[in-house]
Amino acid sequence: MAKEAKTILDLLKEKRVFSPRKDFSENAHVKSESVYKKASRSREAFWEGFAKELDWYKKWRKVLDWKTPHSKWFVGGKINISYNCIDRHINTARKNKAAIIWEGEPGDSRVITYWDLYREVNKFANVLKKLGVKKGDRITIYLPMIPEAAVAMLACARIGAPHSVVFGGFSADSLRDRINDSQAKILITSDGGFRRGSVVPLKKNADEALFGAASIEKVIVVKRVGEKAQIEMKEKRDLWWHELMENAPQYCEPEKMDSEDMLYILYTSGTTGKPKGIVHTTGGYLVGVYATTKWVFDLKEEDTFWCTADIGWVTGHSYIVYGPLANGATSLMYEGAPDYPDRDRFWEIVEKYGVNIFYTAPTAIRVFMKWGEEYPRKHDLSTLRLLGSVGEPINPEAWMWYYVNIGNKKCPIVDTWWQTETGMILITPLPGVTKLKPASATKPFPGIEADVVDENGKSIEVGAGYLVLKSPWPAMLRTIYGDPERYVQQYWSRFPNMYFTGDGAKRDKDGYLWLLGRVDDVMNVAGHRVSTMEVESALVDHPSVAEAAVIGKTDELKGQAISAFVTLKESIKSNSGLVDELKKHVTKKIGAIARPDDIIFTAELPKTRSGKIMRRLLRDIAEGRALGDTTTLADPTIVRQLKDKYEDKEG
Ligand code: 7RM
């Protein structure tokens, strides 16, 4: 316990408060706390106000239809998201404004104006239609961070074909599972992508995934790396993006989507081995991301907004593509790693494009901290006026480092809490009004009813408990694709009439929220969600492994690192070669983000008398704590032996 308690205590001791600067507040979209009161007086009227700033084909009859746990927003409304992200800007002064500024890893770059985006999206929507894609057909996108990824998403949205973007770092097996779960008809990929000077073989992975993914009829391939990747184009199945685009017609009428028509599926890790296909719909999602992009980031017409996430995660969906473009903003997109070719790559990009708003993850900030101030100091970062953080709890030290070294003590930091499921930011400061406390995500966004509750669902005024949401919000997930019961069971069963987030949180006497990390079997590794069960299944899939238990161990840089405790089949002898082999096996099954840092072989795993693996004890062992209560164990000596073994390994 000692270690965990210390971090929480540190948080509780945190006393510094940073009030918004006067010059920032005076010019901010939100200048006064009265928005909170106004929103809580009528949440529906509050969200409706944002909906009215968008373009609808047909107005909604009703803002919200709520039958717990199912919500419908802007009922009866008809809208198209690609129209709202593109068409409505091209008859304004934004026509030739940069919509996407793209920086490739090797240093190539493209500036895509709203007009350019309009042309590309229309043409690609026509390409999809010509290949027989109809409203409702699912399309899988497996691309690097290149503009075509955004074009493909928006083209899908234009014709009403839900996209399912799969992160380019996922393996062939993971891609196959996601294709099969969604029964996608088309796969969009590229010959490869660049990562730290080498080529990620996306097309090769895709080919492998397609053995056993029969729903895919056509594969569209973007040429990104050219000769640097050896790829094979399968006749009749594989088509080049650029060839299809050559003769595609210039205009494609947007599909008039119902507010509740599906916009996308995005897979995320849950507490079982099988990722969940989170379903987002059209009207409410757009209103939610539009509103939060505008208010949380205080987004202005002239801003260059850079969110460093990958498009394969929800942060990329909501805050690289849909939120910024719905606001007519300039969104920066970067293909590569933060340390390639050197550790100042991010700051070089901020300087090169005069980035004003910068949104990244604590794990990246902690790595920058380790690399040292010299890297940001090499560059002029004076254009920055607001910083954001997302993906995991940020520690006060990292917050302060970010505030001083990147923000030059003048930029507010918005620590934004949300999830794939929430679709939009839900807990966050409003930069023009909220007093910041380093490492607190502060307060629910106006109109959001979050609470901290105990085991019985009773609200805890001041203290720690479970984070729940007590009323619906526009961008909330509607269901889990193909598994409506799991939706109810997963999110709405733990506490009656409340959405359970899976996170722990503490509320202080000022009503500020401090996120404490997951309380379920989901790990957070460098800002990525990884399920312990998924890694366990991958390990057990190896012929030498009998049983595996996986835990997230506190890690200074990554937040959590993966430790695996493995029992081998009787005939197998452990050896260091096998450790590497198992790590490789997990990488192959899931992807590099799930690769265990430690693998410890053990003759047995600590289990309760009813056969449940005691992960808490494994965590104690991995984090070097005194062993807690072991009385419920079937065989307490196992833990002692394991602990000795672990400490031997560390020493
Ligand atoms: C946006 C995203 C969701 C999980 C969530 C939390 C953790 C995210 C914060 C955070 C503390 C934050 N979607 N999390 N943001 N924890 N402070 N500001 O990350 O679906 O991939 O992950 O991430 O545990 O439940 S996600």
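None of the figures in this text is laboratory data; all of them are computed from the coordinates on show. The model shown is predicted, which means the values in this text are computed figures rather than measured ones. Glycine gets a Cβ as well: all are built from the backbone with ideal geometry, and neighbour counts include every protein chain shown.
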Practice task
Using +1 at the Cβ of each Lys and Arg and -1 at the Cβ of each Asp and Glu in the chain, identify which of 527, 167, 469 lies farthest towards the dipole's positive end.
Solution key: 469
Exercise for the section: Would you pull out the residues with amide H under 5 Å of residue 257's amide H, same chain only if 5 or more places away, H placed 1.01 Å from N? Expected result: 79, 80
Practice task
Report the antiparallel proportion of the DSSP beta bridges in segment 184-335 as a percent, rounded to a multiple of 5.
Solution key: 45
Practice task
Over 26 Å between C-alpha atoms is what I'm after, so list which of 204/569; 612/645; 435/558; 185/583 land there.
Solution key: 204/569; 435/558; 185/583
Problem - ³J(HN,Hα) computed for each position of segment 628-643 - Karplus, 6.51 cos²θ - 1.76 cosθ + 1.60, integer Hz, glycine/proline x - result: x, 5, 10, 5, 7, 6, 5, 9, x, 5, 4, 5, 4, 4, 4, 4
Fill in the blank from the handout: Longest the chain segment clear of GluC sites (Glu not before Pro) sitting in DSSP loops (not H, G, I, E or B) with at most 14 other Cβ atoms within 10 Å runs 54-231
Completion exercise
In the neighbourhood of residue 265 defined by beta carbon distances under 9 Å, the net charge of the other residues (Lys, Arg +1; Asp, Glu -1) is +1
Completion exercise
Sorted by chain and then number, the residues having a modelled amide H within less than 5 Å of the amide H of residue 222, at least 5 places away or on another chain, are 189, 190, 191, 241
Exercise for the section: Would you mind classifying segment 283-332 by shape? Square roots of the alpha carbon gyration tensor eigenvalues, ordered a ≥ b ≥ c; an a/c under 1.5 is rounded, otherwise it is prolate if a/b is larger than b/c and oblate if not. Expected result: oblate
Problem - Net charge dipole size for the chain [Lys, Arg +1 and Asp, Glu -1 on Cβ; Debye, nearest 20] - result: 1420
Handout entry: Over the chain, relative contact order from alpha-carbon pairs under 8 Å, at least 6 apart, %
Key = 13
Practice task
Note down the net charge around residue 597, summing +1 for each Lys or Arg and -1 for each Asp or Glu among other residues with Cβ under 9 Å from its Cβ.
Solution key: +2
Practice task
Please go through segment 123-215 and write out the trypsin sites (Lys or Arg not before Pro) that DSSP classes as loop and that have at most 15 other C-beta atoms within 10 Å.
Solution key: 134, 135, 196
Exercise for the section: Only Lys, Arg, Asp and Glu count, each charged at its Cβ (+1, +1, -1, -1), so figure out the dipole size of segment 404-550 about its Cα centre, rounded to 20 debye. Expected result: 920
Completion exercise
Diffing segment 521-529: the Karplus 3J(HN,Hα) column from phi (6.51, -1.76, 1.60, θ = phi - 60°), in whole Hz with x for Gly and Pro, holds 8, 9, 9, 10, 9, 6, x, 9, 7
Practice task
Select from segment 48-99 those trypsin sites (Lys or Arg not before Pro) which occupy a DSSP coil region and have at most 13 other Cβ atoms within 10 Å, ordered by residue number.
Solution key: 52, 59, 61, 95
Handout entry: Derived scalar couplings ³J(HN,Hα) [segment 556-570; Karplus, 6.51 cos²θ - 1.76 cosθ + 1.60; whole Hz; x for Gly, Pro]
Key = 4, 8, 8, x, 10, 10, 8, 10, 10, 10, 10, 9, 8, 5, 3
Exercise for the section: Obtain the nm distance between the two label points defined at residue 546 and residue 640 by a simple spin-label model: each point lies 7 Å from its Cα along the Cα-to-C-beta direction. Expected result: 2.2
Exercise for the section: Mind checking the full-extension length gain between residue 576 and residue 233? Use 0.36 nm per residue of separation minus the Cα-Cα distance, one decimal, nm. Expected result: 119.5 nm
Fill in the blank from the handout: Over all pairs of different Cα atoms in the chain, the reciprocal of the mean inverse distance gives a Kirkwood radius in Å of 25.5
Fill in the blank from the handout: Note on the chain, DSSP bridge orientation, antiparallel percent to nearest 5 equals 60
Handout entry: 29 Å Cα-Cα threshold exceeded, pairs from 72/135; 97/228; 78/134; 218/589; 52/130
Key = 97/228; 52/130
Completion exercise
With the dipole of the chain defined by +1 on each Lys or Arg Cβ and -1 on each Asp or Glu Cβ, the option from 563, 142, 382 whose Cα lies farthest towards the positive pole is 382
Problem - Unit charges at the beta carbon, dipole of segment 283-412: most positive-side option, 314, 332, 293 - result: 293
